[in-house]
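Single-structure report; data block below.
The values are calculated or read from the model by the stated rules, or taken from the named source; none is laboratory data. This is a predicted model, so every value here is computed, not measured. Note that each Cβ is placed from the backbone with ideal geometry, even for glycine, and that neighbours are counted across all protein chains shown. All accessible areas refer to the heavy atoms of the entire protein, side chains included, with ligands and DNA or RNA removed. Shrake-Rupley method; radii C 1.70, N 1.55, O 1.52, S 1.80 Å.
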Amino acid sequence: VASIAWSCAVLEQYPPQLMTLLYTALFGSSDRTTPQSLKDIYSDDGIQTQAVMTMFYVQMALDIEAPELALSLPSTFPDDWKESNDSVITIDSIQDEDDTSMLHLTTSRLQQNVSRALQRIGFNHVQEHIISTTELQEGHGIYLSPEHLEFLSIDIADTSKLIGIEVDGPGHFVTVLDSDSKNVCDDTKGSAMRTGKGKTGWKFTANSEQQMNGPTALKERLLRHMGWSIVHIPYWKWRDLKGNEEAEEDYTKRLLEGIQSKP
């Protein structure tokens, strides 16, 4: 159910009857519905970890893009609604019980290299800038949780100018497949990914058409709603610079100039 709601948010399409039905399925039809009553109906232990994180994103999108639907999360969400064996919400793993972060953050070597190039050209920034649920409520009137939870992160950010740079590795993209024969491989050598070891299948290479995936696109859209200017550095473009510092500096300068030239 949460995945369907997520899909609607990614596509920026919110059919009123469908969204109401999805929220009813997840949270009940009235304030009298309790988390335990829904657990009894579904014979489970509550909403799963990833579904909780999903619904925070969905709710933020609804508040900004479809406020007329007047849909909201329960006032006690997520504590009373999530699986009892989940201490807190995370993206990739479960954090310590006292941790208020919803994010499991790692800084890649690629991101560190980009950050060093930006420092060389004089772009003041921080890495892994966090936007909390408290900031969303106080700065943008978006209520997600009674708790102070770290919710959104930006890889590299100039917080004074609201400029965000997202350094996107392979996990931020999907490969667009077509019927062109160049996407089919008959050999079993090389470093490209295949459908099975020693078997003929699709060949995924950096030269294939890459498209930003749903989570990345939704995150960018929400940040733009908050006034951020966001640019992306795809991993293959940075790799093509081959560690040449002059080329890296020229590339980052052009990225920032593109932001500043926008009306």
Extension gain from residue 231 to residue 177, taking 0.36 nm per residue of separation minus the Cα-Cα distance: 16.9 nm
List the GluC sites (Glu not before Pro) in the range 1-89 that DSSP assigns to loop (not H, G, I, E or B) and whose Cβ has at most 16 other Cβ atoms within 10 Å. Which are they? 12, 83
So how far apart, in nm, are the two label points at residue 30 and residue 129 if each is 7 Å from Cα heading toward Cβ? 4.6
Under a plain spin-label model, where a point goes 7 Å from the Cα along Cα-to-Cβ, how far apart in nm are residue 43 and residue 83? 1.8
Whole-percent carbon and sulfur share, accessible surface of the range 13-60, 1.4 Å: 53
Ordered by residue, what ³J(HN,Hα) values in Hz, to whole numbers, does the range 6-17 give under the Karplus form 6.51 cos²θ - 1.76 cosθ + 1.60, where θ = phi - 60° and Gly and Pro are x? 4, 4, 4, 5, 4, 7, 6, 10, 10, x, x, 5
Report ³J(HN,Hα) in whole Hz for each residue of the range 47-52, in order, from the Karplus equation J = 6.51 cos²θ - 1.76 cosθ + 1.60 where θ = phi - 60°; Gly and Pro get x. 6, 5, 3, 5, 5, 5
With a point put 7 Å past each Cα toward its Cβ, work out how far residue 209 is from residue 147 in nm, to one decimal. 4.3
5 Å is the cut-off here: which amide hydrogens, built 1.01 Å from N in the peptide plane, fall below it relative to residue 47, excluding neighbours closer than 5 in sequence? 82, 83
Amide H partners (placed H, <5 Å) of residue 230, local residues excluded: 164
Under 5 Å between amide H atoms, partner at least 5 residues away or on a different chain: which partners does residue 149 have, H built in plane at 1.01 Å? 133, 134
Chain lengthening between residue 217 and residue 140 when straightened (0.36 nm per residue, less Cα-Cα): 25.7 nm
